[in-house]
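**Q** The structure's right below; bear with me while I get my questions together.
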Amino acid sequence: MSDKNHTITIFIHATLPLGPFLNIPLVKKYAWCPLGLNSLASIKEDFYLASMAMILCDQDPELFNKEFFYLFGWSGRLSMKERRKAAQELSQALSELTRQSASQGISISFRIITHSHGGNVALHLAEFFTDTPPFTIDELILLACPVQKKTELYVAHPLFRTVWSIHSHIDVIQRMDPQGLYSFLESLHSTGLEFTLSHLRTLGPLFSLRHFTPSPNLRQLHVKYPSRDLFHIEFILGDFIRSLPALIRYMNDDQPSEKHSHQEITYIIPPITKT
């Protein structure tokens, strides 16, 4: 029996461009990810998200080991149904990975890093565990996640031990998804026009939000460069990715008092030497 304990990091990508655009070679190179749970060590194709993962592994091999780094690919469609379907597939993959590791005497923990709606894929995981889950997510790191009524309460689910919501205050794309329109159409279909119009206030805000409802296991960080905030795409570009290991260590070292645990923290990204 092995006494090894491994931290497995999984990156979940954002919403993808529409199909025809994804067929453009340059767009595919920078946006695409193979479907399902893919070990970085087994990936042979040259595409940006794999390169981004390698930046993390090279920047801080102690936090990110290539042998235990995975990319999770999903359809990337702008659809709650698709995000929930992806979460179901991911839950099955993580349960199987946990089972296989236990059979080998290996203890594993999970760190999930997401960009944009990849965060809602991760939050939907909570829907598939009404009882004690077979695993826990020790760290859920949400980069520029659109905060939506359907998933934000899942932050407090016992599946997630610690959740960090990392965002920028000028990121308009984070808030563009019209979640209220989807709720309106869903209610219209299921309850009819009269009921829907009389209960508009219960449908939630029209657009996605930037901040989650406070939860004891949640920290919300406003990140910025010394001179400006970040744009949405910058959360997966080289400069920020190289700074992410230091940010994770900062978050792990920071133990706030109970009365300050719900306050948003501003983190200024220091200059970093590229390797």
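**Q** Taking the condition out of contact with any helix residue (DSSP H, G or I) (no Cβ under 6 Å at 6 or more places or on another chain), of a type in the set (S, T, N, Q) and farther than 23 Å from ILE241 by Cβ, does SER95 pass?
**A** So SER95 fits the description; yes.
**Q** If you check ILE43, ILE12, ILE55, which single one turns out to be in contact (Cβ under 8 Å) with a residue 24 or more places away in the chain, in contact with a Lys or Arg (Cβ under 8 Å, 6 or more places away or on another chain) and either among the β-branched types (Val, Ile, Thr) or not assigned by TED's automatic domain parsing to the domain that holds LEU123 (or both)? If you could, list the steps in order and put the result at the bottom.
**A** Details: ILE43 fails: in contact with a Lys or Arg (Cβ under 8 Å, 6 or more places away or on another chain); ILE12 fails: in contact with a Lys or Arg (Cβ under 8 Å, 6 or more places away or on another chain).
Of the residues listed, the single one that is in contact (Cβ under 8 Å) with a residue 24 or more places away in the chain, in contact with a Lys or Arg (Cβ under 8 Å, 6 or more places away or on another chain) and either among the β-branched types (Val, Ile, Thr) or not assigned by TED's automatic domain parsing to the domain that holds LEU123 (or both) is ILE55.
**Q** Another question, then. Please enumerate the residues belonging to the stretch 56-75 that are of a type in the set (D, E, K, R) and in a helix (DSSP H, G or I).
**A** First, the residues of the stretch 56-75 that are of a type in the set (D, E, K, R): 58, 60, 62, 66-67.
If the condition is that a residue be of a type in the set (D, E, K, R) and in a helix (DSSP H, G or I), then ASP58, LYS66, GLU67 are the ones that fit.
**Q** I'd like to know if the stretch 95-102 contains one or more residues that are touching a Phe, Trp or Tyr at 6+ places or on another chain (Cβ under 6 Å), more than 17 Å from PRO34 (Cβ to Cβ) and not in a loop (DSSP other than H, G, I, E, B).
**A** Let us first name the residues in the stretch 95-102 that are touching a Phe, Trp or Tyr at 6+ places or on another chain (Cβ under 6 Å), namely 98.
Among the residues that remain, those that are also more than 17 Å from PRO34 (Cβ to Cβ) are: 98.
Of the ones still in play, those that are also not in a loop (DSSP other than H, G, I, E, B) are 98.
Checked against the condition, which is being touching a Phe, Trp or Tyr at 6+ places or on another chain (Cβ under 6 Å), more than 17 Å from PRO34 (Cβ to Cβ) and not in a loop (DSSP other than H, G, I, E, B), the stretch 95-102 yields at least one hit.
**Q** Right, here's the next one. Looking only at the stretch 66-117, filter to residues that are in contact with a His (Cβ under 6 Å, 6 or more places away or on another chain) and farther than 30 Å from ASP177 by Cβ; which one of those is modelled with the lowest pLDDT?
**A** The extreme case among them is ILE108.
**Q** Across the stretch 143-160, what is the number of residues that are hydroxyl-bearing (Ser, Thr, Tyr) and closer than 10 Å to GLN179 by Cβ?
**A** Of the residues in the stretch 143-160, the ones hydroxyl-bearing (Ser, Thr, Tyr) are 151, 154.
Filter once more, so that each one left must be closer than 10 Å to GLN179 by Cβ: 151.
Number satisfying all stated conditions: 1.
**Q** Can you go through ARG83, ARG99, ARG77 and tell me which one is in the same structural domain as TYR30 (by TED's automatic domain parsing), among the charged types (D, E, K, R) and under 15 Å from the mean Cα position of the chain (by Cα)?
**A** Details: ARG99 fails: under 15 Å from the mean Cα position of the chain (by Cα); ARG77 fails: under 15 Å from the mean Cα position of the chain (by Cα).
Of the residues listed, the single one that is in the same structural domain as TYR30 (by TED's automatic domain parsing), among the charged types (D, E, K, R) and under 15 Å from the mean Cα position of the chain (by Cα) is ARG83.
**Q** Quick test for you: out of ASN23, ASN65, ASN38, pick the one residue that is touching a Cys at 6+ places or on another chain (Cβ under 8 Å), assigned by TED's automatic domain parsing to the domain that holds ILE137 and among the polar types (S, T, N, Q). Break it down into steps so the answer makes sense when it comes.
**A** On the way: ASN23 fails: touching a Cys at 6+ places or on another chain (Cβ under 8 Å); ASN38 fails: touching a Cys at 6+ places or on another chain (Cβ under 8 Å).
Residue meeting the stated conditions: ASN65.
**Q** How many residues are part of a helix (DSSP H, G or I), touching a strand residue (DSSP E or B) at 6+ places or on another chain (Cβ under 6 Å) and surrounded by fewer than 19 Cβ atoms within 10 Å (Cβ to Cβ) when one looks only at the stretch 5-55?
**A** Count: 0.
**Q** Next up: What single numbered condition from (1) under 22 Å from LYS150 (Cα atoms); (2) at pLDDT below 70 fails to hold for ASP254?
**A** Only one criterion is unmet by ASP254, namely (1).
**Q** What do you reckon, is LEU78 surrounded by fewer than 17 Cβ atoms within 10 Å (Cβ to Cβ) and not in a helix (DSSP H, G or I)?
**A** On the way: surrounded by fewer than 17 Cβ atoms within 10 Å (Cβ to Cβ): yes; not in a helix (DSSP H, G or I): yes.
Yes, satisfied.
**Q** Another question, if that's okay. Only one of LEU143, LEU125 is hydrophobic (A, V, I, L, M, F, W, C), touching a strand residue (DSSP E or B) at 6+ places or on another chain (Cβ under 6 Å), buried (at least 18 other Cβ atoms within 10 Å of the Cβ) and under 21 Å from PHE11 (Cβ atoms); which?
**A** It is LEU143.
**Q** Tell me, yes or no, whether the stretch 93-111 has at least one residue that is among the β-branched types (Val, Ile, Thr) and buried (at least 24 other Cβ atoms within 10 Å of the Cβ).
**A** The answer is no; no qualifying residue exists.
The values are calculated or read from the model by the stated rules, or taken from the named source; none is laboratory data. Everything quoted here is computed from the prediction, not taken from an experiment. With ideal geometry, Cβ positions are generated from the backbone for all residues, glycine too; neighbour counts draw on all protein chains shown.
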